[in-house]
Structures are given as structure tokens and as C-alpha cells.
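Read-outs: derived from the displayed coordinates by stated rules, not from any lab. Keep in mind that this is a model prediction, so the values were computed, not measured. Here the Cβ positions follow ideal geometry from the backbone for every residue, glycine too, while neighbour counts run over all protein chains shown.
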Amino acid sequence: MRILHTSDWHIGHRLYERDRKDEHDQFLKWLLATIQENSVDVLLVAGDIFDTALPSAEATGLYYQFLFRLFSETAAHAVITAGNHDAPVRLAAPRQFLKMGRIHVVGEIDEVDECILTLNNGTSSVAIAAIPYLSENEILHHVSLEKQIEKTERFRTAIKHLYHRCVERMPAEVPKILMGHLVVHGGEESGSERTIRIGGATAVRSSDLPEGVDYVALGHLHRPQAIT
């Protein structure tokens, strides 16, 4: 089973008002060629597919053209989760249609089972917990007069429990991958990220992630990271 982990495509991003459509077009063509040349079985996209919640028609066109070519020109599955730049409802709106093309999109989650996928390439399988971006307001109930440090700790605990519940529901006999769009303690931001924090920069620690997982596919920070 060959897995290709990507994130933060930010299709539609403009650099000082300069349209970057050609750059994104070239990237997606390179990505498709890489998937074909390496016989990739599963493409992971861990959030921020688009740069804005309301992408332009051109940006949306690039995205769906790529997905169509991925379906028609490869045998790969794709697992796509919403990031903090994406509109989760809009991104996941065609999910039932895309699922018929081996493309699995997760925008929001109401139940843990909604984000757990088991994919098979004919000879082997992998289980994936496709967790999208989750803000504090989405997973925490309101507490009056709560300090930010207390809210951050509650968020960290909620994320920790969510990932552990996912692993508990995964098949025991197959490799396991966790996806997320968040900051892990020790990660470094770069100038290309907006100052949007997910429960604070140090809300989640590597020790919060459950054991027995083979790979963690994160998005959000735009540079290589060394997390301990």
C-alpha cells in the first residue's frame, strides 16, 4: 500500500494580488504524474485545499479537473479533509457523488464513525481517521468566565479523546493513519500561515496522540517539522 501525504494546497491564493493559477495548475499536473509514476494507492490531503472559504470558479475548476483525472487516469483513492481556510459544508457537499470515484471528503464530523475509512488496493488494507480542522467552538461547550489557558487545556483533552476513540474503532489487524489539521507543540510557523491558531499554538502535544498508530498525516504548518 503506497500512501502520498499532502496538505495546504491553497488553490486560489494570490501573491501580492498576483494570480497564481498557472502555479497551482502546474502543481496539480505534477502531483498527478507523481501518483501515476509511483503507483500511489491513497492520496491524503490534510486540509486547506482552497485559500478561501469562497474560492473562485477558476480555483474550483482546477480542483475538480484534478479529481476527475485522478479518478479516470489512476486507480488511487483520495482522502480529503477540510482545513481552517476551507468551508467544510461546501467542500463536502458532493461527497456522496465523489465517493463513487474513490474520493472521500470529510468536512465536518458529528459521529466518530463518519471519519473512519478502511481502504483496500486488492492486496492490502489501511485504516484512516480523517479528522478535519476543528475549532474550540465546534467541540467545546461554553463555560462562563473561563480563562483562555483553561479553554486551551479542555480543547487539548477533547482532541486527545477524539483520536483515541478513532483508534478504538479501527480494525485491529490493519495499519492505521491519523489525519489532522492542527498545531502540535514544537511545530514552527512560517510567514505563509495566517495567524489562525487551533486552540492555541501548544494545545496538542505529540504525547496526546494514541499509541499503535503507524503514521500521523498533519496539515496547517507550511514547512518541514521535527516533532518529538
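Of all lysines in the structure, those lying under 26 Å Cα to Cα from K160, and not within fewer than 8 positions of it along the same chain, are K147, K151, K176. Using the empirical formula 2.2 N^0.38 Å as the baseline, the Cα radius of gyration of the stretch 53-124 reaches a ratio of 1.16. Given an 8 Å cut-off on Cα distances and at least 6 residues of separation, report the relative contact order of the stretch 12-166 as a percent. Worked out over the stretch 12-166, it gives 19 percent. Placing +1 on the Cβ of every Lys and Arg and -1 on the Cβ of every Asp and Glu, with nothing else charged, gives the stretch 1-68 a dipole about its Cα centre of roughly 80 debye. Based on the Cβ-Cβ distance from S135 to D22, what FRET efficiency comes out when R0 is 30 Å, to the nearest 0.05? Taking R0 as 30 Å, the efficiency between S135 and D22 is 0.35.
As a calculated quantity, the FRET efficiency between R95 and N121 at R0 = 25 Å, using C-beta atoms, amounts to about 0.70.
Using equal-weight Cα scatterers in the Debye expression, the normalised intensity of the stretch 1-157 in log10 at q = 0.11, 0.18 Å⁻¹ is -0.49, -1.11. Seen from E23, the other residues with C-beta closer than 13 Å to its C-beta sum to a net charge of 0, counting Lys and Arg as +1 and Asp and Glu as -1.
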